[in-house]
1. Being outside any loop (DSSP other than H, G, I, E, B) and more than 26 Å from THR86 (Cβ to Cβ) is the filter; apply it to the range 441-456 and report the residue that is farthest from the chain's Cα centre (by Cα).
2. Can you tell me which residue is nearest to the chain's Cα centre (by Cα) among those in the range 457-472 that are part of a strand (DSSP E or B) and of a type in the set (A, V, I, L, M, F, W, C)?
3. Take the residues in the range 388-425 that are surrounded by fewer than 18 Cβ atoms within 10 Å (Cβ to Cβ) and closer than 15 Å to PRO375 by Cα; name whichever of them is farthest from the chain's Cα centre (by Cα).
4. Which members of the range 426-438 meet the condition of being closer than 22 Å to PHE13 by Cβ and exposed (fewer than 15 other Cβ atoms within 10 Å of the Cβ)?
5. May I ask you to list the residues in the range 439-472 that are hydrophobic (A, V, I, L, M, F, W, C) and either open to solvent by 80 Å² or more (accessible area, probe 1.4 Å) or without any contact (Cβ under 8 Å) to a residue 12 or more places away in the chain (or both)?
6. For the range 169-195, name all the residues that are open to solvent by less than 60 Å² (accessible area, probe 1.4 Å) and touching a Cys at 6+ places or on another chain (Cβ under 9 Å).
7. What are the residues in the range 1-21 that are over 17 Å from the mean Cα position of the chain (by Cα), open to solvent by 10 Å² or more (accessible area, probe 1.4 Å) and over 30 Å from GLY298 (Cα atoms), if any?
8. Given the criterion of a type in the set (D, E, K, R), under 19 Å from MET46 (Cβ atoms) and outside any strand (DSSP E or B), identify the matching residue among LYS312, LYS305.
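The values are calculated or read from the model by the stated rules, or taken from the named source; none is laboratory data. No experiment lies behind these values; they were computed from the predicted model shown. Neighbour counts are summed over all protein chains in view; Cβ atoms, including those assigned to glycine, are modelled from backbone coordinates with ideal geometry. Keep in mind that these areas ignore ligands, DNA and RNA; they rest on the heavy atoms of the full protein, side chains included. Shrake-Rupley method; radii C 1.70, N 1.55, O 1.52, S 1.80 Å.
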Amino acid sequence: MTGITSFGAYIPFYRLTHKEIARAWGGRAGEGERAVANADEDSITMAVEAVRDLLANSEGREVDGLIFATTTSPYAEKQVSAMIATVADLRHDVRTADYSGSLRSATTAILAALDSVKAGSASNVIVTAADTRLAPPKSASERVFGDAASALQLGGDKVIAELIASHSTTDEMTDVWRRSGDQFVSGWEERFSVTQGYQRVVRQAVNELFERSAIGPSEISKAIFYAPDQGSLGAVAKSLGFKAEQIPDHLFSSVGNTGTAMPLLVLSSVLETASAGEKLLVVGYGSGCDALLFEVTGEIENSKKSARRGVKGHLTSKTYLDSYERYAKFRELIETEGARRQAPSASAPVTWRRSDDIYKLHGYRCLNCGKIQYPQQRVCISCQSKDSFESVRLADKRASLFTFTVDFLNADPDPPSVMTVVDFEGGGRAYLMMTDRNPAEVKIEQQVEMTFRRMYEAEGFVNYYWKCRPVR
């Protein structure tokens, strides 16, 4: 038996209402909102969050591989799955791979991971997907697109949803694309791209899956699709013979079309309340189609005891951007005067030498007196013993604010900067920026948690580090 053994999700803290977008550009808008990645978030940081949510009850020592699926990697040439695995503090001998260039990347990655498990080359593989796609301002897609990430763990032990059938097709079509260097997603006229592209290809693949598996639409408990919008989803589901109650909430009105992450995110939402024996159809689309059929097992009840925040927890933990202009600044859609400060610097050798500090957020416990300190030093600040430390994971620990300052002069894409000193549960102190915060509500002894974020770009590459945020 091979299939899904665990799952996790991440939805950014910020939301932008459809009415606020309509206010900025004119026109009418119905109810609804979309999730917006903070200015210091991208597909890497969101994928890290989803993986950490998946590993809420585990340190990940059992993981043999990690695949990252996205169409919005910050790098055209650099394997970012290796960074995600490092930040998640997985073993150094895990196999990593990036699947990109297609909205179907996530479902294709799932099939590849399951093939590895079946072949015996891996026992547990994580597939994580994230996207921060940009639509042209004032376009219909600007309201539809949303930012999010999800993660699945695939294996052969303690399977919560077994893969019982799958079918893939290839169909070359120029319907949606983004060239190297393009800021925005482009697409052909919708009547062509949706009817002759999306709906035709998905119908063909799903019907062929049903024929090959001898399972019909009436036997499916929930059907999960990638879909460009709610209308296209409803049309293709109806044409395949599904009833309204078989189609779960695809989060269009609360999160948006999350691109590569969409099938995994909706599947994670369904698994949060699934019962043994239910059959789940998962469909990915992009220059063809992947159709996967899972059957939920009795192990799902144990999975529900996980400490993960999940889709449900992230949906209720949110705040609204007060203006479209703030969103535009987040996405650099409007040019503003840069801060008159010295340009930031970076060093690849320093980042490599301090990888455990920067990426893994390891603290160091003195083996002589037990004092935990951060960052790494040779001499204990308490007992002065030398070179006698063991690593301690701080990223998973909560902390409380020891002190903070609100800085209006620092160069920050979302001013003012909130600079903090935090004390970790169990020991350790660190100087960190705070994100996803309301500066007016920050206070001494406030409980915070760690989150991996973008800091700045310098020397041609993106610099990442940990920040704290109020507990969501």
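1. GLU441
2. Here the residue is TRP466.
3. Only one residue fits best here, namely SER388.
4. Matches in the range 426-438: ASN438 only.
5. ALA440, ILE444
6. Once the filter is applied, which keeps residues that are open to solvent by less than 60 Å² (accessible area, probe 1.4 Å) and touching a Cys at 6+ places or on another chain (Cβ under 9 Å), the range 169-195 yields THR169, ASP171.
7. THR17, HIS18, LYS19, GLU20
8. Among LYS312, LYS305, only LYS312 is of a type in the set (D, E, K, R), under 19 Å from MET46 (Cβ atoms) and outside any strand (DSSP E or B).
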